[in-house]
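Visitor: Here's a structure for you.
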Amino acid sequence: MVYERTGIVLKDNKKNMVYGRLARRLRTLGMHSFKEYLAFLDSAESADETGMLINAITTNLTKFFREPHHFKHLFNACHAITQKQSDRGEKRRLRLWSAGCSSGEEPYSIAIVMNELLKKTAPIDIKILATDLDTGMLQTGMNGIYNTKSTESMPDKFRKKYTQNLSDTQIKMTADLRDLITFKQLNLLEKWPMKGPFDIIFCRNVMIYFDQPTKISLGQRYANMLRPDSWLYIGHSESLSSETNLKLIGKTIYQRQDRNG
């Protein structure tokens, strides 16, 4: 059922892990058997439970500015994109997508880079789409409130500029960041409602859960959603098949390059 709905592969050696993690969901829901839980997942009342299920069996390890080399490349890539737009007499605009955004640290890191870019160039129309299957994670992102300790991976200059202290233990991301981001629920294996194209897509530490055919399909779908010469960032332990028209340019950084280009 998990594979059919999400493409996530659960091998036999994951049985004990799945048992332990889902047992907590059963206790939370007041259920006494996995059969009862499966029936609930198939019912009309379980709209949000699939997200909770996936959240339970996957590892939501995320932090601000995880894999910093991506964000250095992001700044330079977006500066180059908007410079080309300006040279062609086009409106400066950037469309970015954080796919599998978890609790929001990734899109907020992207938004910080975009704000820094705005300060160095003429006005740019910037929109960041942040999607995840888990509505609970998305709500955290929409609220923009995090434990103070979670910002330790954020450079000090950004923490001072882009967070507000709510208490000794909580911070809130500033409104100028929140205004750049739209959080939406999305199952990556289903039809995507957005049309794109995007200049930047982040899909990091998501494809590790998929089998090879699903990875190839998803990689090509991402390529189709990118403008020519635009960029895809993936996780440090991931790779993409050469069957897509995405070319590895740097460390886990891919660029769309059409085969006739």
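The values are calculated or read from the model by the stated rules, or taken from the named source; none is laboratory data. Please read these numbers as outputs of a predicted model, since none were measured by experiment. Here Cβ is always computed from backbone atoms with ideal geometry, including for glycine, and neighbour counts include all displayed protein chains. For the accessible areas, the whole protein counts, side chains as well, though only heavy atoms, and no ligand, DNA or RNA atoms are used. Shrake-Rupley method; radii C 1.70, N 1.55, O 1.52, S 1.80 Å.
Here's the yes/no breakdown for (1) assigned by the TED database to the domain that holds Thr151; (2) polar (S, T, N, Q); (3) in contact with a Gly (Cβ under 9 Å, 6 or more places away or on another chain):
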position: Leu22; (1), (2), (3): no, no, no
position: Leu26; (1), (2), (3): no, no, no
position: Leu29; (1), (2), (3): no, no, no
position: Asn76; (1), (2), (3): yes, yes, no
position: Ala80; (1), (2), (3): yes, no, no
position: Lys84; (1), (2), (3): yes, no, no
position: Arg92; (1), (2), (3): yes, no, no
position: Ser98; (1), (2), (3): yes, yes, yes
position: Ile110; (1), (2), (3): yes, no, no
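Visitor: Please work out which residue is nearest to the chain's Cα centre (by Cα), limiting yourself to the range 76-114 and to residues that are of a type in the set (D, E, K, R) and open to solvent by 50 Å² or more (accessible area, probe 1.4 Å).
Guide: Ranking the candidates gives Arg93 first.
Visitor: Restricting the search to the range 155-206, which residues are open to solvent by 30 Å² or more (accessible area, probe 1.4 Å), closer than 21 Å to Gly136 by Cβ and of a type in the set (A, V, I, L, M)?
Guide: Leu166, Leu189
Visitor: Can you tell me which residue in the range 133-154 is farthest from Ser103 (Cα to Cα), limited to those that are open to solvent by less than 50 Å² (accessible area, probe 1.4 Å) and not in a helix (DSSP H, G or I)?
Guide: By that ranking, first place goes to Met154.
Visitor: State all residues of the range 166-194 that are assigned to a strand (DSSP E or B) and modelled with pLDDT of 95 or more; if no residue qualifies, say none.
Guide: If the condition is that a residue be assigned to a strand (DSSP E or B) and modelled with pLDDT of 95 or more, then Gln170, Ile171, Lys172, Met173, Ile181, Thr182, Phe183, Lys184 are the ones that fit.
Visitor: Do you know which of the residues in the range 121-166 that are touching a residue at least 40 places away in the same chain (Cβ under 8 Å) and acidic (Asp, Glu) is nearest to Ala56 (Cα to Cα)?
Guide: Here the residue is Asp134.
Visitor: Can you pull out every residue in the range 235-253 that is in contact with a Phe, Trp or Tyr (Cβ under 7 Å, 6 or more places away or on another chain) and either at pLDDT 90 or above or open to solvent by less than 20 Å² (accessible area, probe 1.4 Å) (or both)?
Guide: So in the range 235-253, the residues in contact with a Phe, Trp or Tyr (Cβ under 7 Å, 6 or more places away or on another chain) come out as 240, 246-248, 252-253.
Hits for the range 235-253 are Leu246, Lys247, Leu248, Thr252, Ile253.
Visitor: What number of residues within the range 211-233 are touching a helix residue (DSSP H, G or I) at 6+ places or on another chain (Cβ under 7 Å) and not in a helix (DSSP H, G or I)?
Guide: Qualifying residue count, the range 211-233: 3.
Visitor: Considering only residues that are over 23 Å from Glu4 (Cα atoms) and either in contact (Cβ under 8 Å) with a residue 40 or more places away in the chain or open to solvent by 50 Å² or more (accessible area, probe 1.4 Å) (or both), which ones fall in the range 31-71?
Guide: Once the filter is applied, which keeps residues that are over 23 Å from Glu4 (Cα atoms) and either in contact (Cβ under 8 Å) with a residue 40 or more places away in the chain or open to solvent by 50 Å² or more (accessible area, probe 1.4 Å) (or both), the range 31-71 yields His32, Leu61, Thr62, Lys63, Phe64, Phe65, Arg66, Glu67, Pro68, His69, His70, Phe71.
Visitor: Additional query: In this structure, is His32 out of contact with any Asp or Glu (no Cβ under 9 Å at 6 or more places or on another chain) and under 16 Å from Tyr233 (Cβ atoms)?
Guide: So His32 does not fit the description; no.
Visitor: Out of all the residues in the range 72-100, which are under 30 Å from Asn55 (Cβ atoms) and modelled with pLDDT under 95?
Guide: Correct list: Gly100 only.
Visitor: Tally time: how many residues in the range 122-139 are at pLDDT below 95 and under 21 Å from the mean Cα position of the chain (by Cα)?
Guide: Of the residues in the range 122-139, 8 are at pLDDT below 95 and under 21 Å from the mean Cα position of the chain (by Cα).
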